[in-house]
Structure formats: structure tokens, C-alpha cells
Amino acid sequence: MTELTASHWGAYEWSLDAAGAHLLRPYGADPDPSPIGLSMLDAYRSGTRVMRPAVRRSWLTHGPGTRTDLRGQDPFVEVSWEEAHTLVAQELQRVIARHGNEAVYAGSYGWASAGRFHHAQSQLRRFMHAIGGCTVHSQTYSYAAAEVLLPHVVAPMTELEVFHTSWDVLARHTSLVVTFGGMPWKNAQVGAGGAFEHRLRSGLNMVVEAGCRFVNFSPVRADLEVSADDVLEWIPLRPGTDAAVMLALAFEVIRLDRHDRDFLSRHCVGFDSLHAYLSGRTDGVVRDADWASAIADVPAQRLRTLALQMCQPADGGRCMVNAAWALQRAEHGEQPYWALVSLAAVLGQIGLPGGGFGVGYGCENGPGSPHGLLQPGPRLPFAPNPIASVVPVARISDMLLNPGGAYQFNGLTRRYPDIDLVYWAGGNPFHHHQDINRLRHAWRKPSTVIVHEQVWNALAKHADIVLPATSTLERDDIGFAYREPVVIAMKAKLPPPGIAQDDHAIFAGIAAVMGFGDAFTESRSPLKWQEYLWEAWRERLSADGVAAPDFATFRKDGLWRIPVISGHGAVSPVMLSDFRRDPEGHPLKTPSGRIELFSHTIAAFAYEDCPPHASWIEPTEWLGGALAQQFPLHLISDQPANRLHSQLDFSAHSLAAKVAGREPVWVHPEDARLRGIANGDVVRLFNARGACLAGAVMTEAIRPGVVKLSTGAWFDPQDDAPQTLCKHGNANMLTRDAGTSRLAQGPVAQSCLVQMERFTGPLPELSAFDLPRFVGRTDA
Ligand SMILES: Nc1nc2c(c(=O)[nH]1)N[C@H]1C(S)=C(S)[C@@H](COP(=O)(O)OP(=O)(O)OC[C@H]3O[C@@H](n4cnc5c(=O)[nH]c(N)nc54)[C@H](O)[C@@H]3O)O[C@H]1N2
Ligand SMILES: Nc1nc2c(c(=O)[nH]1)N[C@H]1C(S)=C(S)[C@@H](COP(=O)(O)OP(=O)(O)OC[C@H]3O[C@@H](n4cnc5c(=O)[nH]c(N)nc54)[C@H](O)[C@@H]3O)O[C@H]1N2
Ligand SMILES: [Mo]
């Protein structure tokens, strides 16, 4: 019997080495396993783990709100679980009694670990909703702009993903793939909940072997790698200019008189308004290939020939246009996604096999999967949030800095709540949020910050109460992810480090002090809970005609291979095919029931920064703007190849890629030469917001004028200065903290200009992975 564990980057088999020590091997049925997980066993047993509950000294000695400016510097005092549970319970009661539940921010965004029961955010919600509720977040850092925009235009992101057209359909029907931001293998290593059978490489191979050609608009060549070079063309555009290129391609198709009039009139509304904008009827600016060429710095002639190829692929097959999520993580990030749908609508192949648009092939393992499962997986039940206090996820610093302040969101005027307590379990804002110097300043506002963490990262170091959480290797669970063919019976093989506990047990302990311990646990052990969740899911599956084994059999077998279900969209789906076939019988949920190339709803919001049709709007920070004189390099802070965000940055696999111990930054040889930088040099990246060190990696595979520093290097501030330097290379020292627009208020990490210089001072020692200072109670 195979015994497995599961992570967001794959499933792994437990085995033993010759000396009887535990080993992890890739799950045998995974055709292209990710190396990320192979070093997780050593990493999770390393000294970076949080072993015991710990309280920041000033908070413990003088109470909530004391010297919040010392968060990140104060030493910690380790305490017992009993004391920790009581401190947390009393503090929650104090804050709720004095300021109301709204004052508790438990938005707690983050990926945490795989496993449906030990899902930190679900456990947190179950707990918080039982004590009267809390302020929560809406949207994701992944695709906030698309999430808010696309329901106005076509359909929610989640629905498009569930029916995302699969690789095998592309192989049969697609002759040309035009992708913006590639389909990077590095990102498809991962899937939320687990990427159990990695299929980007095999998917692409299938499509290449069927004779398809690829055009990749991206500042980075490695964003698309296929098995045969001669079928791939790389067009390195300026970052942030994709909407202009897409709109110009749409206009050139119309100019060729090859736009699909039938599709545009039967399935879409608003083509005339879009056309008026493209043709210059509204403002005299013609959005043609020459116009886009000047903005994106790509050859105009190539855009014209491409437009023709897109409406007439060589062998009569279809054209798929795709965009990475990164494009919309930018100022006016709504626009490239609206432009993508508009371009696909003009081509008229939406809903046909192999044509239309993709919302993120390669962003994770899921898009392109032939497997469908229309049921959500096993889920921890929790009551709805009793209070309606919601803040867009990336507005956290704004929220903390402007209590009561008004802001616009998707047609609404809202006010930020006044937060006094922040509770985080399973995410790392000191990794994920933009402009960390600003976050650090905002972070001083609440009286109390409570964190469940596995490791002593910057979030834990900036907390008042740190509660040690287990990792997946130390707990049993059910490993489930959308559109994966298997469900994994995750097996614990290691004891928790120190006295760490599962998030569930931590909340159960606090609930017991608050008098609702039994209501929280329902007197079930974790394994009994898993059985309960499994059996409830099994019943829902059975109603859909799918027979799953009982829990004991599932545990014994070690996994369950989901049977192939035929019927509605369940195998090899084609996105929007029902709507295509019968737009009246299967209308979209947009106001018109059709694709909205012009939205009256958005027009009524009257947002200058989000016009009612796809547009190109000049961002504040881009290589064509005035600020580029001072900061002439565009920083791309992409997803890291060797870890998941900040998770496992301390693993051997992630550390091996560092340069002089710093996060590698990709730089074109010409940009390096201009600055006297050699391969392997430590460099300083900076702008008006902050600075960080990084290790230079010279490569021609990046557009000159662009540098790439992946996210997730643990924040390692040199000192407490307001604009301190990160010694390690956290890209969010440099990124801008602003909303995509008043529509979505999403993060704009990719719109970021910087300067770079060779670092000549004495190299500061890294402290990112050091433990904080601990002091005894008497020293407190
Ligand atoms: N500049 C820039 N910034 C970005 C992005 C970008 O492209 N550029 N991308 C953004 C995107 S798309 C995302 S999704 C975010 C990701 O941001 P996050 O999801 O916040 O990042 P992670 O590093 O995965 O954080 C997970 C944290 O949870 C902890 N953890 C793991 N398992 C458990 C558990 O079981 N219990 C508890 N209590 N803790 C656990 C881990 O130790 C880790 O600290 O980053 C965003 N930030
Ligand atoms: N290994 C690994 N995989 C991951 C993650 C991880 O942390 N590690 N994170 C996962 C998560 S949470 C998410 S949301 C997805 C994110 O998926 P994406 O948002 O698509 O990922 P990124 O790596 O940020 O960007 C993809 C590529 O887009 C390119 N790009 C950046 N800006 C522009 C632009 O303006 N125009 C064009 N044309 N291209 C541009 C970059 O070169 C980059 O390599 O990845 C997931 N996959
Ligand atoms: Mo994400």
C-alpha cells in the first residue's frame, strides 16, 4: 500500500531509507513531479520552526497596544499553551466588548497548506463566525481585477476555470496559440490544494505534436518553452502594454473585414462602442498596429501579419488567445482581461473547441486539465459571518491607515472599518503585500496581532502572540483539488516539532476557554472530522451518480481515483460551449445575457480609471512614461520557480538558487554593462518606496530595460528606518500599494519602476532565517 502526503506542489510517497529514516519520493503516477516537495521533509524538520507559543515582551509586560513600533524587534517570551489560550481568549473578548466584532480583522489571506480539514482559513472562519464574526477580505491577490471585472463582461473567473478548455481539445483543434505572459512551467508546478498529476509539459507537447504554432508576448522568454523551438516565436513587449497590443490586433482584424459579424451581433453587445474607440471615431486616435507598436515597442508589421494569421490560421484550425494572471496584477489590470475577451469575440471562436480565450494556461496545473468534477470537494462546515464587514484583499494597509475612510469598489462607496486586532493563520502579508515599508507602518495601528505560524518568518516576528502550527507532514488529511483525477489520503509520519499543534486544536483550546469548546469540535477527533467531511461529500457525489468508497476504504487504499464521469462539461470541457450553441437557452449572467464589449453597468459607475469598454490607459509606472527617466528599469516580481510564494524559502531547493545568499535578479547583459555589474554581483534595487539587495543573473532571455526578481524571499530588514533596505531580496520592498482601479481595487505589483546599482558597501549578514531573540519571564 502506498502511503502519501500532499502539498500544493504535488503528492509525495513516504518511504524509508536504509537507516530507517523517513524519505519522500514523488508520487508514482505523477508524470512530471515538482522538485519543490523533495526538500520539504528536511526543511520542516529544520530550526526555523516555531516550537512553542511565544508572546512579544512589551505586549506581555504592559498589555495590548504597547510599543507597537517595536513589532519586529522586541524579543519574545515563550509561554505554555494554557497561558496562550487564555491570553488570546481574553484579548478577543476585550476587543469585541469594547469595539465590536468589526474591529477584528481575520481576513487572513494566504495559501496555507493542502488538506481539506486542516485548512487554516476554514478553521479560522469556523472559530470567528462562532464568536460573532469578524472583518474579512474579498477577492485574491492572484486575480482580483479579473474576478471583479469578468462577471460584468462574461462570467466569474471560477466558472471559466471549471470549464476551461483542455489540452487535448487544443491538440485536436488549435493551429495557433497567441499567449500574453506565456504558459510558464515554473508556475504549473503548483495547484491550490494540490497538483497531483502535473500536465503542462505533456499538454504542450500534445499541442506541438499536432502541428500548432505559438506566439508569446512576454518580457521574459522562459515564460513559454516548448519541445520544438521552430514553432515558437517570442515577442518581448514592454511590460504593462498588453491591452494596447490586444486592442490593435482586434482593430486590424476588423480592418481586414474578418471580424465575425454573426458572433458579435448574436452573442455580444457593445461592438459599435468598442469599434468607435478602436477606429478613433470617439477621440481621433486610431488604435491600429502603428499605435500599439509605439506603446509596446513591438514591430507594427508583425502585428498586422499576426492579425491575419489569427483569423486565418495556416491549416484552417482555430486560434486560442491566452493571458497570464500577472497581466491583471497591474495598474488598470482590468483592461488586458477585457481586451483579451474583446479580441477573442472579434475573432468569433469563443465557445468552439480550440478557439476563444484562456484565462491562465500555465498559471497553475489546473487550467487545461481534461478532468472535471462538478462537485466542490470535502469542506469544513461553518456558519455564515454574522457581520458584513468586507475589505478588498489588497487594501489592507489602506484599511489600517484610514479607519472610517471612504473608498470606491465596484460601484459602491464603502468605509474602512477601525481595526484593533489582526488575526492571521495560513498566509504571510510580509511576503504578499505590496510596499512592505508602508505595511510595516500600518501594522503598528492595531493593539494586538495574533498569528498561527509554522516558521519564524517576518509575519511571526511582527506579531504579538505567535502560536506554533503543525505542517502537513505532521497530520492526516484529505488532499483534494479541482480538476485533479485523484483524492489523496494524506498520512502523518512525523511528530509535531516542540509543542506545535494543528490549527484546529489551537482554536479548540481557545474556544474551550471562551466556553464553546464542544460546539467548536463537536467532540470529534481530527480523524473523525475527516470521516464526517468525507461521508458528507460521498453523499453529494452519490446524488450525482458517482460512487466513492467509504472513509475506511479510502484511508486503507491511500487514494481514490475519481471515475471518469461523462456528461455536462465533465470530461475535456470546452469553455462557454453551451452559450455558443444556444445563447438564448444558456444566457450568461451578465445584464444582457451576452458578452459585454461595452458595459452600461460600468458606464454608470463613471470611473475614469475603468472606462465602459476595454481601453489602454497609460499607467503611472511603465517604461514609456516620465518616471522612467529616474527609474529606468521595469521590475517584474513573478512567482518563484523554486518554492511556493514565501513557503519553503528556507529549503535546500530554494536556497540553492540564491546568489551570494540573495534572491536572484535577472538582468539583460546590456543593462548590467551600463551599470558596471557582472554576473553574480550583489546589486541594490531601489526606488522612492524602498530598496533591497539581490544577486545579479545575466541573461539574454529578458527584454532590455526589464529586471525580474521573484517574490517570496523572506523579508529581512536592515534596520527600523521608515524606508529600510531588505538585505535578502524581497520584491515587495519596491512595489506600489495602490488599487488596479476603483472597480476592483486589486493589487498592482507588476506596475513598478526601479533603478539598480552594484552594491559596493560591506555585505550585510543575512538574518531572514534566524530565530527571534527569546527572553525568560524574569527578564520580561
Ligand atoms: N510583488 C508581488 N507580490 C505578490 C505577487 C506577485 O506576483 N508579485 N503574487 C501574489 C499572489 S498571486 C499571492 S497568491 C500571494 C501569496 O501570498 P501567501 O499565500 O500569503 O504566501 P505564502 O508564502 O504561501 O504564505 C502562507 C503562509 O502560511 C503558513 N502556513 C502554511 N501552512 C499552514 C498551516 O497549516 N497553518 C498555519 N497556521 N500556517 C500555515 C506558511 O508558513 C506561510 O507563512 O502573494 C501575492 N504577492
Ligand atoms: N512555482 C510556483 N508556482 C506558482 C506560484 C508560486 O509561488 N510558485 N504561485 C501560484 C499562484 S498563487 C498564482 S496566482 C499563479 C500566478 O500566475 P501568474 O500571475 O501568471 O504568474 P507570474 O509568474 O507572476 O507571471 C507569469 C509571467 O508573466 C510575465 N509578465 C509579467 N508582467 C507582464 C506583462 O506586463 N505582460 C506580459 N505579457 N507578461 C508579463 C512574467 O514574465 C511572468 O513570468 O502562479 C501559481 N504558481
Ligand atoms: Mo495567487
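Quick notes on this one:
- Residue within the range 127-145 that is within 16 Å of ligand 3 (Cβ to nearest atom), touching a strand residue (DSSP E or B) at 6+ places or on another chain (Cβ under 9 Å) and in a helix (DSSP H, G or I) present: yes
- Hits in the range 460-474 (condition: open to solvent by less than 10 Å² (accessible area, probe 1.4 Å), near ligand 1 (Cβ under 10 Å from one of its atoms) and under 29 Å from F196 (Cα atoms)): P468, A469, T470, S471, T472
- Looking only at the range 300-310, and only at residues there that are away from ligand 2 (no atom under 16 Å from the Cβ) and surrounded by fewer than 20 Cβ atoms within 10 Å (Cβ to Cβ), the one that is nearest to N732 (Cα to Cα): A300
- Residue pairs meeting the criteria (Cβ under 9 Å; at least 6 apart or on separate chains; first at pLDDT below 95, in the range 549-573; second polar (S, T, N, Q)): G569/S577; V571/S166; S572/T165; S572/S166; P573/T165; P573/S166
- With respect to the conditions (1) closer than 30 Å to P611 by Cβ; (2) among the small types (G, A, S); (3) away from ligand 3 (no atom under 16 Å from the Cβ), G362 lacks only one, and its number is (3).
- D609 vs. criteria surrounded by fewer than 17 Cβ atoms within 10 Å (Cβ to Cβ), closer than 24 Å to G411 by Cα and of a type outside the set (K, R): yes
- Taking the range 324-352 as the range and being part of a loop (DSSP other than H, G, I, E, B), away from ligand 2 (no atom under 14 Å from the Cβ) and at negative phi as the test, the residues that pass are Q349, I350, L352.
- Top-ranked residue in the range 311-332 [being more than 16 Å from ligand 3 (Cβ to nearest atom) and under 28 Å from S142 (Cβ atoms); ranked as surrounded by the fewest Cβ atoms within 10 Å (Cβ to Cβ)]: R318
- Some residue of the range 118-132 being open to solvent by 10 Å² or more (accessible area, probe 1.4 Å), within 15 Å of ligand 2 (Cβ to nearest atom), more than 23 Å from W529 (Cα to Cα) and in contact (Cβ under 8 Å) with a residue 12 or more places away in the chain: no
- Residue match in the range 39-49 (condition: touching a His at 6+ places or on another chain (Cβ under 6 Å) and within 18 Å of F650 (Cβ to Cβ)): yes
- Residue ranges of strands (runs of 3 or more DSSP E) in the range 672-780 with at least 1 members of a type in the set (G, A, S): 691-698
- Residues of the range 324-350 that turn out to be closer than 20 Å to F598 by Cα and small (G, A, S), as a count: 6
- Filter pass, G115 being within 11 Å of ligand 1 (Cβ to nearest atom), modelled with pLDDT of 95 or more and more than 23 Å from Q750 (Cα to Cα): yes
- Residues being polar (S, T, N, Q) and either surrounded by fewer than 15 Cβ atoms within 10 Å (Cβ to Cβ) or in contact (Cβ under 8 Å) with a residue 40 or more places away in the chain (or both) - total across the range 270-281: 1
- Candidates L559, L576, L623, L597: the one that is open to solvent by less than 50 Å² (accessible area, probe 1.4 Å) and over 30 Å from I295 (Cβ atoms) is L559.
- Whichever residue in the range 655-677 is out of contact with any strand residue (DSSP E or B) (no Cβ under 7 Å at 6 or more places or on another chain) and without any contact (Cβ under 8 Å) to a residue 40 or more places away in the chain and, among such residues, is surrounded by the fewest Cβ atoms within 10 Å (Cβ to Cβ): A656
- Residue count for the range 29-82 satisfying the condition of being of a type outside the set (D, E, K, R), touching a Phe, Trp or Tyr at 6+ places or on another chain (Cβ under 9 Å) and without any contact (Cβ under 8 Å) to a residue 12 or more places away in the chain: 1.
- In summary, L380 fulfils each of the numbered conditions (1) part of a loop (DSSP other than H, G, I, E, B); (2) within 23 Å of Y143 (Cα to Cα); (3) hydrophobic (A, V, I, L, M, F, W, C) with the single exception of condition (2).
- Extreme residue, farthest from the chain's Cα centre (by Cα), among residues of the range 643-654 that are open to solvent by 20 Å² or more (accessible area, probe 1.4 Å) and within 13 Å of ligand 1 (Cβ to nearest atom): F650
- A single entry from V148, V226, V215, V177 fulfils the requirement of being in a loop (DSSP other than H, G, I, E, B), within 16 Å of ligand 2 (Cβ to nearest atom) and crowded, with 19+ Cβ neighbours inside 10 Å: V226.
- Failed criterion for V88 (all others in (1) within 16 Å of ligand 1 (Cβ to nearest atom); (2) assigned to a loop (DSSP other than H, G, I, E, B); (3) of a type in the set (A, V, I, L, M, F, W, C) hold): (2)
- Against the list (1) away from ligand 1 (no atom under 15 Å from the Cβ); (2) part of a strand (DSSP E or B), the condition V665 fails is (1).
The values are calculated or read from the model by the stated rules, or taken from the named source; none is laboratory data. Only a predicted model underlies this, so the values are computations on that prediction, with no experimental measurement involved. No Cβ is skipped: glycine too gets one built from the backbone with ideal geometry, and neighbour counts run over all protein chains shown. We work out accessible area using only protein heavy atoms, side chains counted, and drop any ligands, DNA or RNA first. Shrake-Rupley method; radii C 1.70, N 1.55, O 1.52, S 1.80 Å.
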